[in-house]
Amino acid sequence: MASSSKRKAVADDVGSSTRKRKKGKTNELGLILNTSSDMSRYNNHLYRDIALSRYPDEFTLLKLGIENNVMTLLHNIGWTQFIGTKYYTHKKVTIEFLSTITFIKDKDNPQVKFSFSNNEFNMSLTEFNTKMGFASEGLIHTSRNKDINPEDYDPHEFWSLITGRNHFESRSAKASMIHNPVFRYVHRVMACTIFGRPKTGTVRSDELYLLWAMVNSRTVNTGWYLLNHLAFVGGQAKGTKMAVGGVIEFIKRKITGQVEVDEDDRYIDGNYFVDIDYLKNIHMIKEKEGYPDNFQLMIGNEPSIVLPDSSRTDTTKWDNWLYNDVVLQVPQQHHAQGEHEVHHPQDEAQHEDMVHDDHDDQQPPGGMQDDGDWRVRMESKMDKFDSELLRQSQMMFAMMQHFNIQAPPSD
């Protein structure tokens, strides 16, 4: 019998949300910050660069033939409005929120505090979810607390189903290992919104779990994931980009009902979509030569199926989760002449199970190509290694069959 402790259901909250007008001296942005912690964080955020939130692009989804599947997955966990609609990034709103957010992850009654327009808001997690339009209860997966993991979720098994690789490790799990473009696209959208960060090329354990929840139509506690990540970003130091402005604008509108923006806080211009150019920049797709309406899907830096092709991308069919019939026949790509190794230091310490991304995961600024050389080399090396292991395993299996040898029993 399943233990109730295996499922995280937030208890009924006591009290109600509060809104209080702050008093005090305003700073150069017109913000009132009354605690040393808020002022310290503000001084960090004031000089941080901003990467824009990115949302699904209808034209791109239609062009690749994956619109219905992508939107269905988002709908399955109630994210149609949250992620399916674009929200602009505003610097002042972003800095104020990140300077003031406090998320208290109390076991029985989690609480959150933040400010908009010098108004301080305090509420429970359940109240926050209700205001956002999220489910107020739902599963929470964390890699460190196994007691609250859903019993039927195995990250290694699910990772194997969508990549063909047997073991999931967030530090080395590349998004380019995922075969189906629907899953790849949804992951990038998550990495540019709810888990917004400048480096989006790796798969966090949270992102893998939420992708599993979408596929299986499981209710998840979206507010917990969102606030947990925003509180982390709020505590980051100088030198790291902020990539959560769009989701903060979404929160502001839901909490305050305010659609208008201050004249001195106009939105930041740029590309807010996971569009064709973005997907080409991150080497997920490339144009198929001679066919202007078709694209080649890239898996681990190797070309695979041609898009659009709904018969191969429909995620309701398990056969479409892996393209081994195509990928295993593709020769490994050799390095271009003149390439040399480039070492890029990590620029931030991640919290809990957040992966340590490297330079190859850097989200390219709007309209600019990213330097993917290092990423291409490393992914190529990883794929060659995995392919060699697979080749040796297949040879060993064939020899065992030939000589009628049985494998030793597993422990």
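The values are calculated or read from the model by the stated rules, or taken from the named source; none is laboratory data. Nothing here was measured: the structure is a model prediction, and the numbers come from that model. Using ideal geometry, Cβ is built from the backbone for each residue, glycine included, and neighbour counts are taken over all protein chains shown.
A few points about this structure:
- Evaluating Tyr88 against the criteria (1) buried (at least 19 other Cβ atoms within 10 Å of the Cβ); (2) of a type in the set (Ser, Thr, Tyr); (3) closer than 30 Å to Ile285 by Cα leaves one unmet condition, (1).
- Top-ranked residue in segment 239-275 [being of a type in the set (S, T, N, Q) and not in a helix (DSSP H, G or I); ranked as nearest to Phe114 (Cα to Cα)]: Gln258
- Residues located in segment 276-309, provided they are in a loop (DSSP other than H, G, I, E, B) and within 28 Å of Arg165 (Cα to Cα): Ile282, His283, Met284, Gly300, Asn301, Pro308, Asp309
- The helices (runs of 4 or more DSSP H) located wholly in segment 11-122 that include 3 or more residues which are out of contact with any Gly (no Cβ under 7 Å at 6 or more places or on another chain) and modelled with pLDDT of 95 or more occupy 36-45, 58-64, 67-76, 91-100.
- Extreme residue, surrounded by the fewest Cβ atoms within 10 Å (Cβ to Cβ), among residues of segment 55-81 that are acidic (Asp, Glu) and without any contact (Cβ under 8 Å) to a residue 12 or more places away in the chain: Glu58
- Put simply, of Ala243, Ala231, Ala237 the only residue that is crowded, with 21+ Cβ neighbours inside 10 Å and at negative phi is Ala243.
- Of all residues in segment 39-54 being surrounded by fewer than 20 Cβ atoms within 10 Å (Cβ to Cβ) and touching a strand residue (DSSP E or B) at 6+ places or on another chain (Cβ under 8 Å), the one that is nearest to Arg184 (Cα to Cα): Ile50
- Failed item, numbered, when His229 is tested on (1) farther than 30 Å from Thr18 by Cβ; (2) free of Cβ contacts under 8 Å to residues at least 60 places away in the same chain: (1)
- Contacts under 7 angstrom Cβ, first residue in segment 169-180 being closer than 17 Å to Asn320 by Cα and at pLDDT 95 or above, partner acidic (Asp, Glu) and buried (at least 22 other Cβ atoms within 10 Å of the Cβ), 6 or more apart: Ser176/Glu379
- One residue stands out in segment 177-211 among those that are over 13 Å from the mean Cα position of the chain (by Cα) and part of a helix (DSSP H, G or I): the one that is surrounded by the fewest Cβ atoms within 10 Å (Cβ to Cβ), namely Met177.
- Residue match in segment 134-144 (condition: closer than 30 Å to Asn27 by Cβ and among the small types (Gly, Ala, Ser)): no
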